């Protein structure tokens with residue numbers, strides 16, 4: 001397991017916007033992260049009615065960012081690479097809102113394609129083995 005302090009400095013998501021708490025496992029192809037930030041009253045994406053399930057795509061996107069950053073670090077590059085979420089496809093939301101009473105969320109992301117310009121991943125967010133959301137996301141890395 002990798003604590004948040006081990007990888008948080010490698011991604012652009014900081015403070016309350018860093019939605020993941022730890023990485024349970026990762027390899028060249030995939031990552032399994034966990035988070036309980038959906039329970040925080042001050043969650044930056046929470047609306048009047050709660051945290052809408054569409055925001056679980058951001059949990060998937062952040063798992064993608066952590067995965068890419070860990071791969072970069074392993075190759076000797078610890079530079080934070082900003083990314084832009086440009087596409088969500090085949091997203092399924094099994095709930096309307098994420099219940100604050102839910103315990104740990106399990107966030108899985110697997111790389112479909114990646115190169116220097118961006119990446120496409122599949123993602124799945126679960127609570128206690130129950131699917132809450134899944135889909136595919138594409139991120140580009142803008143040229144600076």
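The values are calculated or read from the model by the stated rules, or taken from the named source; none is laboratory data. Treat the numbers as computed from the prediction; the structure is a model and nothing was measured. Positions of Cβ are generated from backbone atoms using ideal geometry, with glycine treated the same way; all protein chains shown enter the neighbour counts.
Observations on the structure shown:
- So residue 48, is it within 18 Å of residue 140 (Cβ to Cβ), out of contact with any helix residue (DSSP H, G or I) (no Cβ under 9 Å at 6 or more places or on another chain) and surrounded by fewer than 13 Cβ atoms within 10 Å (Cβ to Cβ): no
- Candidate set: region 33-54, residues that are in a loop (DSSP other than H, G, I, E, B) and in contact with a strand residue (DSSP E or B) (Cβ under 9 Å, 6 or more places away or on another chain); chosen: the one nearest to residue 7 (Cα to Cα): 36
- Verdict on residue 30 being touching a strand residue (DSSP E or B) at 6+ places or on another chain (Cβ under 7 Å), over 18 Å from residue 135 (Cβ atoms) and surrounded by 15 or more Cβ atoms within 10 Å (Cβ to Cβ): no
- Verdict on residue 72 being in contact (Cβ under 8 Å) with a residue 40 or more places away in the chain, under 19 Å from residue 30 (Cα atoms) and not in a strand (DSSP E or B): yes
- Qualifying residue in region 85-103 (condition: within 15 Å of the chain's Cα centre (by Cα), outside any strand (DSSP E or B), within 19 Å of residue 136 (Cβ to Cβ) and modelled with pLDDT of 95 or more): no
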